[in-house]
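Structure incoming, see below.
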Amino acid sequence: MKVGLFLGCNMPALRPDTEKAIRISLSSLGVEVVDLEGAACCPAYGTFWSADEEAALAVSAWNYSIAEKAGVDMIVQCGSCYSTLKVGRYKLVNGKLQEINEKFLSKVGMKYEGKSDTKHITDFMYNDIGIDKIRESLKYSMEGLKAVVQVPCHTIRPSNILGFDDPENPVVLKNLTRALGAEVPTFTRDKQCCGGAGGYARSNRKAAMEFLKLKLDSMKEEVDPDCIVVSCITCLMWMDEAQDEMRKLGMIDYSIPVFDYNQLLAICQGHDPKKVARIAATPRDEVIQRILENKI
């Protein structure tokens, strides 16, 4: 099984350990990861899309043409990249493909025929690899640990284009986390956005942190989790780094470690935590140690 890994901008630059975790955990599951050399920004909604949709579609088609030439579909961890690429493909194959090919891609000798698609990595893990194969790859377990999940907002709606999960009751990331042995409880603000979206966190950081605090307080008071599991680089960085800032400001007096799902999977598969879960503002050592004490 081969897939093209669309990295996006933030992960390779700011959280390379997450990229390492994705590559190494997929390899342990027998997946060949193809690098999409020459891929550009997705491009994000706050840039091209808001100013020039035609340019956005041209960039999207360029990325797809690279994957198509390599004979692979793309998988992506960033929720925003997933949504942008998926919506871009929808617009391309439903009316804009010939125009974008002729006006832009033909000038550089490329073409997108609409064959390659994009999947979010949790969709790929759950529906293509499967829970059973994931469990078979584990050497350590999260048994005895309580984890809550943060489902990336951009993977849920518009569900007719993006949907691989129930938008009202998403279960894919929860079930993937349960496959590692963790208990995954629900709490009142279970479905609330993390508040880390660029336009929100950058325009009013205080309001974004207060919004996140509502969610963190809810999970702390109701279920007191050992960690938060995400599958989006924005959710990962925001929920991790904002907690550190909030503690310094006296907004919270607790810490809840944040992991990307594939980081936890890689650790449970026996890979070195120093390579796959090295970067964090909120300490993770206790959770990692408890996993390593649960040898299967």
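Please list, by residue number, every one of the GluC sites (Glu not before Pro) in the stretch 130-238 that is coil in DSSP and has at most 14 other beta-carbon atoms within 10 Å.
On the way: sites: Glu136, Glu143, Glu168, Glu183, Glu210, Glu221, Glu222; in loops: Glu143, Glu168.
Here the sparse-neighbourhood loop sites are Glu143, Glu168.
Count charges around Val93 for me, please; just the other residues with Cβ under 13 Å from its Cβ, Lys/Arg as +1, Asp/Glu as -1. Could the numbers behind the result be given before it?
On the way: positive: Lys86, Arg89, Lys91, Lys96, Lys115; negative: Glu68, Glu99, Glu113, Asp117.
Local net charge: +1.
Right, another one. Place a point 7 Å from the Cα of Gln192 along the Cα-to-Cβ direction; which residues of the stretch 152-173 have their backbone N under 18 Å from it?
From the stretch 152-173, the list is 152-154, 169-170.
Additional query: Calculate the FRET efficiency for Asp272 and Val93 from the Cβ-Cβ distance with a Förster distance of 51 Å, rounded to the nearest 0.05. Let's see the in-between values first.
Values: r = 42 Å, r/R0 = 0.82.
Taking R0 as 51 Å, the efficiency between Asp272 and Val93 is 0.75.
To continue, here is another question. May I ask you to evaluate 6.51 cos²θ - 1.76 cosθ + 1.60, the Karplus curve with θ = phi - 60°, for each residue of the stretch 77-93 and list the ³J(HN,Hα) values in order in whole Hz, giving x for glycine and proline?
8, 5, x, 5, 4, 4, 4, 4, 5, 5, 5, x, 4, 4, 5, 5, 6
For the chain, compute Rg over Rh where Rg is the Cα radius of gyration and Rh is the Kirkwood radius from the inverse mean 1/r over Cα pairs. It would help to have the intermediate numbers written out before the result.
Working: Rg = 19.1 Å, Rh = 19.6 Å.
We get a ratio of 0.97 for the chain.
How far, in nm, would the chain grow between Ala40 and Cys9 when pulled straight, counting 0.36 nm per residue and subtracting the alpha carbon separation?
Numbers: separation 31, 0.36 × 31 = 11.16 nm, distance 0.86 nm.
Using 0.36 nm per residue and subtracting the Cα-Cα distance, I get 10.3 nm.
Roll a 1.4 Å probe over the protein heavy atoms and report the accessible area of Arg189 in Å², nearest 10.
Only protein atoms counted, so the area is about 90 Å².
Can I ask one more? Exactly which trypsin sites (Lys or Arg not before Pro) in the stretch 203-260 are in a DSSP loop and have at most 14 other Cβ atoms within 10 Å? Numbers along the way, then the final one.
Details: sites: Arg205, Lys206, Lys213, Lys215, Lys220, Arg247, Lys248; in loops: none.
Within the stretch 203-260, no trypsin sites (Lys or Arg not before Pro) qualify (loop, at most 14 other Cβ atoms within 10 Å).
Write down the radius of gyration of the stretch 75-143 and its Dmax, each obtained from C-alpha positions, in Å.
Calculated on Cα positions, Rg and Dmax stand at 17.4, 55 Å.
The values are calculated or read from the model by the stated rules, or taken from the named source; none is laboratory data. Given the structure is predicted, the values throughout are model-derived calculations rather than measurements. So basically every Cβ, Gly included, is an ideal-geometry build from the backbone, and we count neighbours across all protein chains shown. Side chains are part of the model used for accessible areas, which takes the heavy atoms of the whole protein and leaves out ligands, DNA and RNA. Shrake-Rupley method; radii C 1.70, N 1.55, O 1.52, S 1.80 Å.
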